[in-house]
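Remarks on the structure that follows.
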Amino acid sequence: MNTIVSKSTLDPLVEEYHKHLTEVAGLQPSSCRVYTFFVRSFLHAQCKPNAPSWNLRQLDPRVLLDFVLRQSHGCTANRLQILGSALRSFCRFLCVTQRHGQDLSGAIPPISGHHREALPTYLSRPELRQLLGKFDRRTVVGKRDYAIGWALRLRMRERC
């Protein structure tokens, strides 16, 4: 359940973060609005009912990751990528301004937006034999490349 928190509790922090994005990070106004929207949503989700304020030093990697995972349901990959970028930026801001003792931006993994339409195609057995025959196994590089090709052959066999 999300708790609605008085704007006065969060606004000074969010406004300072917005100023940081504009003046230090050099983001465009539209990006600043989106980042501050996501950060404000995150802060609202963390504030407990009737709590005078939330101590930012309580923030830990698990809280960040849990928030991103909760938001991922019914969210596009693009929106989730932006959310992740905003929270990583906010974590760096908290560290730089000494509101938190460490940079927690690494707690939020990069979110891939690339989804394959179809399965990848593989070489046929004759094509793979031909490829493996091209490596000059008299040289160190040729031996290495042959070993990589052979390992790929084994992985292909597992998938078929």
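Nothing in this text is a laboratory measurement; each read-out follows from the coordinates by a stated rule. For clarity, every value in this text was computed on a predicted model and none was experimentally measured. Heads up, the Cβs are rebuilt from the backbone with ideal geometry, glycines too, and the neighbour counts pull from every protein chain shown.
Things worth noting here:
- Rounded, prolate or oblate (a/c below 1.5 giving rounded, otherwise prolate when a/b exceeds b/c) for region 7-107 by Cα gyration tensor: rounded
- Surface/4 estimate of mean projected area, convex hull on alpha-carbon atoms of region 55-110, nm²: 3.6 nm²
- Protection proxy ranking, highest mean first, for peptides 82-88, 39-45: 82-88, 39-45, where packing is the per-residue count of other beta-carbon atoms within 10 Å, averaged.
- Most tightly packed first, judged by the mean number of other beta-carbon atoms within 10 Å of their residues, the peptides 56-62, 103-109 read 103-109, 56-62.
- Radius 15 Å from Cβ of GLN98, net charge of other residues (Lys, Arg +1; Asp, Glu -1): +1
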